[in-house]
Amino acid sequence: MASPPVELAGIPLHPLLADHRSPPGFDPSGEVVSQELAALLEAARWAPSHRNSQPWRFVVGRRDDQTHQRVLAALPVADRGWAGPAPVLLVAAHLTRSESGGELPHARYDLGQAVAHLCLQAAALNLAVHQLTDVDPAMLQAALGLPAATRPVVVIAVGRPAGPPGQPPEPANPPPTRHPVGLLLLG
């Protein structure tokens, strides 16, 4: 059965969009099972891309593995505290050149679509995500040994929202304010 729409500013939106919030923290004992992670990556795989180039790539770090530790070490110090407990840290990157050597001028946009698909799938699975864009691409590239034609853009922490033991997770951040639609329209 489909979820009823949520009214925002008098406009009905799907709850996956209307109710999304970045968690204030992650449950350090929470897990993301392999099937859930596979569903996130599958959702990203099915995102549209310019000429079906599919230029996105993801690096998966699971809590306590070397990749998770390398990604965490490459984050700004202020973000390590909340990102560390996340059971999964994904580095979302895009290719700068195709396999034939041609430029991929829309790759960053295409990556954004793949990440949006991944985040919606996470919401459908009741997983929390927090995207971190204040990353040093060169540091991540070096720490992970990524090829020169791969550009890291964002780190996505995935897990269960934090909450006191035996109690439901604390409420997500309050709804963010948004510009009115009229302000978004040019011309």
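Coordinate-derived values only; no laboratory data. The structure displayed is predicted, hence computed values, not measured ones. Using ideal geometry, Cβ is built from the backbone for each residue, glycine included, and neighbour counts are taken over all protein chains shown.
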Task: Phi to ³J(HN,Hα) by Karplus 6.51 cos²θ - 1.76 cosθ + 1.60 over the stretch 152-159, Hz, x for Gly, Pro - done: x, 10, 8, 10, 10, 8, 10, x
- [ ] Starting from the Cα of Thr67, step 7 Å along the direction of its Cβ; do the same at Ala148; then give the gap between the two resulting points in nm.
- [x] 2.4 nm
Task: Virtual spin-label span in nm between Arg21 and Asp134, 7 Å along Cα→Cβ - done: 2.1 nm
Open item on the list: With the crude spin-label approximation of a point 7 Å out along Cα→Cβ, what separation in nm comes out for Ala116 versus Leu185?
Closed with: 1.9 nm
